[in-house]
1. What is the gain in length, in nm to one decimal, between residue 322 and residue 35 on full extension, counting 0.36 nm per residue of separation less the C-alpha to C-alpha distance?
2. Calculate, axis by axis, the spread of Cα positions in the range 231-334 along the three principal axes, and write the results as whole Å, longest axis first.
3. Give me the mean projected area, in nm² to one decimal, of the convex hull enclosing the Cα positions of the range 1-139.
4. In whole Å, what is the distance between the alpha-carbon centres of the range 27-95 and the range 286-302?
5. Could you check the spin-label model distance between residue 126 and residue 11? Points 7 Å from the Cα along Cα→Cβ, value in nm.
6. Per DSSP helix of 4 or more residues, -39500 (n - 2.57); summed, then divided by the residues of the chain. What does that give at 222 nm, rounded to the nearest 500?
7. Averaged per residue, what accessible area in Å² does the chain show with a 1.4 Å probe, protein chains only?
8. Quick check: the distance between the Cα centres of the range 311-332 and the range 213-231, to the nearest angstrom?
Amino acid sequence: KAGGVYYTPRYIVDYIVEQTLGKLIDGKAPAETLKLRVLDPACGSGSFLIRAFERLCEHWQTALIQNDKLRRKTDCWTDPDTGDLHLTTDLKRRILTANVYGVDLDPGAVEVTQLSLYLKMLEGESRATLAQNRELFSPDAPLLPPLQDNIKCGNSLIASDFSLNPDYLGRVRAFDWNEGFRDIMQNGGIDAVVGNPPYIRIQGFPKDQVAYFVRNYRAATGNYDLYATFVVRGYGLLSSNGRLGMILPNKFFRTDYGIGLRGCLTKSKAVERIVDFGSEQVFEATTYTCLLFLSRTPISAFEFAESKATSAALKETTFNSIKSESLGETSWTF
């Protein structure tokens, strides 16, 4: 908080993860979900990634409870006292390392995210259950899986083409997606991009960074805000059936600096759903926000709704269907 970070309320995190990852895993056999990749490109303390990990574990547990033919000793065990089915530590390790990815500019945030994911993985475990689960995988393997290949420190918006000076690239923490997540990008990209990117106007940024964003991001128009470039970056990382869900200021609907972002989204027919909170406050700061959901597959008609900033209101929201062709670079009015 001292660094200007505002934590995303749990009900917002839950909703965004459900509308992205939740839709991707719906109806899939649990083993199939190990192929999915979830990313937060500005992961902060990791709240979106923790919920994504939880949601995947819930999917596995539900499937294994409903179908005993899917159960394997390496995946689940039953409590002899209560009869409850639990996922093994080994399976949770596999889910964590296969599915969950994040990047953040702050090395401290990267450490916090990794620690938070470890704590979530160990939730509900005891010394006895850990000892029991250790028998299922190599005793030489660490209980906590290395996450340096999953949660990385880097600048999601600036790549190594920013400068020829290696020292300067190190200072801005330039990050090449095709190198940092080479296997994922070579295999089609990210399946679900989620998060709450930074809301920062570019006036205080170094001029060379501002110029770089203008050259590399079509959304960087006028007196733009950094979150617009995160939307474009996230969308560009999606696989052919990928989904993006973020909480953003709703100013880009109408402002001049939103022309670039509005143009990008309408040209691709990417908008799948919008929830506008209007003047309702989601954060402890005066910020007018919306939930934006994008689809890599072009959408002919998207869903729109206004909602109060409460969990109950969000769950009960009624959506209107609007033709995608009605949107353009000019101001969006619904």
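The values are calculated or read from the model by the stated rules, or taken from the named source; none is laboratory data. Computed from a prediction, not measured in an experiment: that's the story for all the values here. Here the Cβ is made from the backbone with ideal geometry for all residues, glycine too, and neighbour counts use every protein chain on show. Areas reflect the complete protein model, heavy atoms only, side chains present, ligands, DNA and RNA absent. Shrake-Rupley method; radii C 1.70, N 1.55, O 1.52, S 1.80 Å.
1. 100.0 nm
2. So the extents along the principal axes, rounded to whole Å, are 33, 29, 25.
3. Its Cα hull, projected and averaged over all orientations, spans 9.7 nm².
4. 28
5. Taking the simple label geometry, residue 126 and residue 11 are separated by 3.5 nm.
6. Value at 222 nm, helices only: -10000 deg cm²/dmol.
7. 48
8. Here the two parts' Cα centres lie 23 Å apart.
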